[in-house]
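Only one structure is covered here, and it is reproduced in the block below.
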């Protein structure tokens, strides 16, 4: 969560937020971090009058990015370890478990035990209380994160990662009156941040997994008209 003088930016997991955070912190005077991956519900009341911005990603693309990012870590996070059976499962098996996490009590209990009790300043930053809310929700994991992040924010301005730089450029032009040449330089020249190595996301899906993600990610798919 980045608080800027004229708006709030909420950081949705694996959705271009690291790039946006660096842009705002480096190029918008007065911008400061108020927590990592925190939802709108955690925004202090003093800033609730400000407009809200954030990002979103094609859910099918999100799961590929998340999986390969964790695969490349020396120490994958608890969510990956639980859903991949400690790395034993491939992409298909791991993502099936993650997308249907809401209906698997044993995995939810394992994550409640593994996640911290309080918010941290790094990583996925879900607490044991946070993950408990996925139980019985019917939501795919990405839709769960999306709904949790933006809940109660009035008409948030959400930028698709497919046009991240242009969307951020327009956001700053409309709302950040003090952002200047440094922001333009950053948007023109800064490389992508916090990325993982993988091919086109469509290459990793079987028809049944494609359909499973489509079934459980309707919150995001319908809101932003995503297609496989």
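Just to be sure I follow: if Rg is taken over the C-alpha atoms of the stretch 14-104 and Rh is the Kirkwood radius over the same atoms, what is Rg/Rh? It would help to have the intermediate numbers written out before the result.
Working: Rg = 16.6 Å, Rh = 15.7 Å.
With Rh from the inverse mean 1/r over Cα pairs, Rg/Rh is 1.06.
Expressed as an acute angle from 0 to 90° and rounded to the nearest 10, what is the orientation of the C-alpha long axis of helix 207-216 relative to the principal long axis of the chain?
60 degrees
Quick one: order 155, 143 by neighbouring beta-carbon count within 10 Å, fewest to most.
Values: 155 7, 143 24.
Lowest to highest Cβ neighbour count: 155, 143.
If one takes the longest principal axis of the Cα atoms in the chain, at what angle in degrees, from 0 to 90 and to the nearest 10, does the Cα axis of helix 141-150 lie?
Orientation of helix 141-150: about 30 degrees from the principal axis.
When only alpha-carbon atoms count, how far does the chain stretch along each of its three principal axes, as whole angstroms with the largest first?
The Cα atoms of the chain stretch 49, 36, 35 Å along the principal axes, largest first.
When every alpha-carbon pair in the stretch 58-159 is counted, what percent end up more than 22 Å apart?
29 percent
Mean shadow of the stretch 145-228, computed from the convex hull of its alpha carbons, in nm²?
7.5 nm²
If each residue's Cβ is checked for other Cβ atoms within 10 Å, how do 55, 184 rank with the fewest at the top?
With the fewest neighbours first, 55, 184 line up as 184, 55.
Given the rule -39500 (n - 2.57) for each run of at least 4 DSSP H residues, summed and divided by the residues of the chain, what is its mean residue ellipticity at 222 nm, to the nearest 500 deg cm²/dmol?
Rounded to the nearest 500, the figure is -13000 deg cm²/dmol.
Taking only Cα atoms, what is the 0 to 90° angle, nearest 10, from helix 105-114's long axis to the longest principal axis of the chain?
Relative to the chain, helix 105-114 is tipped by roughly 50 degrees.
So for 226, 62, 36, fewest C-beta neighbours within 10 Å to most, what's the order?
36, 226, 62
So how far, in whole Å, is the C-alpha centre of the stretch 10-45 from the one of the stretch 139-192?
Using only Cα atoms, the two centres lie 10 Å from each other.
Rounded, prolate or oblate: which fits the stretch 67-112 when a ≥ b ≥ c are the square roots of the eigenvalues of the alpha-carbon gyration tensor, with rounded for a/c under 1.5 and prolate only if a/b beats b/c?
oblate
Read-outs throughout are calculated quantities, based only on the coordinates presented, and are distinct from any laboratory measurement. For clarity, every value in this text was computed on a predicted model and none was experimentally measured. Neighbour counts run over all protein chains shown; Cβ positions are idealised from the backbone, glycine included.
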